[in-house]
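Colleague: Starting off with a structure, shown below.
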């Protein structure tokens, strides 16, 4: 059971669409519950509790008053370059924005960090700062380039 659950505010009509988008990317996405506010004249779902790869989140579907910022992001720990490539392309598709240092925004404006698990090991071994310099030049993280910077 999660003790802390992210509560994400989506533009009206986008929460369920976002759930379907994430279902097309992640293997383990479950809708746990949904709720309609009584005063919702459209009768549409207002709140959806989902679980993505074991992380429970609540998607609120209410309107454009607030936007996501890079101040909050989700990290996708990847097993190797193939997974990095996969999540990098899928999460940034259809209107997303590829940033620097493994960061991107998906089409809903939610920030993600797509990071290979090897990154942390390589970074800990770096005593020269060359790995950090290399990361700062990257958009998508390339493990082979990090390993070259380390040697």
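The values are calculated or read from the model by the stated rules, or taken from the named source; none is laboratory data. Note that the coordinates shown come from a computational prediction; the quantities given were computed from them, not determined experimentally. Because the Cβ atoms are built from the backbone with ideal geometry, glycine has one as well, and the counts that use them run over all protein chains shown.
Colleague: Looking at (1) within 30 Å of residue 138 (Cα to Cα); (2) assigned to a strand (DSSP E or B); (3) not assigned by TED's automatic domain parsing to the domain that holds residue 144, find the lone condition where residue 59 falls short.
Modeller: For residue 59, the failing item is (1).
Colleague: Looking at segment 46-81 only, could you name the residues that are in contact with a helix residue (DSSP H, G or I) (Cβ under 7 Å, 6 or more places away or on another chain), farther than 18 Å from residue 31 by Cβ and free of Cβ contacts under 8 Å to residues at least 40 places away in the same chain?
Modeller: 76, 78
Colleague: Can you tell me which residue within segment 104-124, out of those that are touching a helix residue (DSSP H, G or I) at 6+ places or on another chain (Cβ under 6 Å) and not in a strand (DSSP E or B), is nearest to residue 147 (Cα to Cα)?
Modeller: 122
Colleague: Taking the condition modelled with pLDDT of 95 or more and either in the same structural domain as residue 89 (by TED's automatic domain parsing) or assigned to a loop (DSSP other than H, G, I, E, B) (or both), does residue 21 pass? If you could, list the steps in order and put the result at the bottom.
Modeller: Working: modelled with pLDDT of 95 or more: yes; either in the same structural domain as residue 89 (by TED's automatic domain parsing) or assigned to a loop (DSSP other than H, G, I, E, B) (or both): no.
The answer is no for residue 21.
Per-residue answers, yes or no, for (1) under 23 Å from residue 6 (Cα atoms); (2) crowded, with 17+ Cβ neighbours inside 10 Å; (3) at pLDDT below 95:
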site: 77; (1), (2), (3): yes, no, no
site: 81; (1), (2), (3): no, no, no
site: 90; (1), (2), (3): yes, yes, no
site: 101; (1), (2), (3): no, no, no
site: 104; (1), (2), (3): yes, yes, no
site: 115; (1), (2), (3): yes, yes, no
site: 131; (1), (2), (3): no, yes, no
site: 138; (1), (2), (3): no, no, no
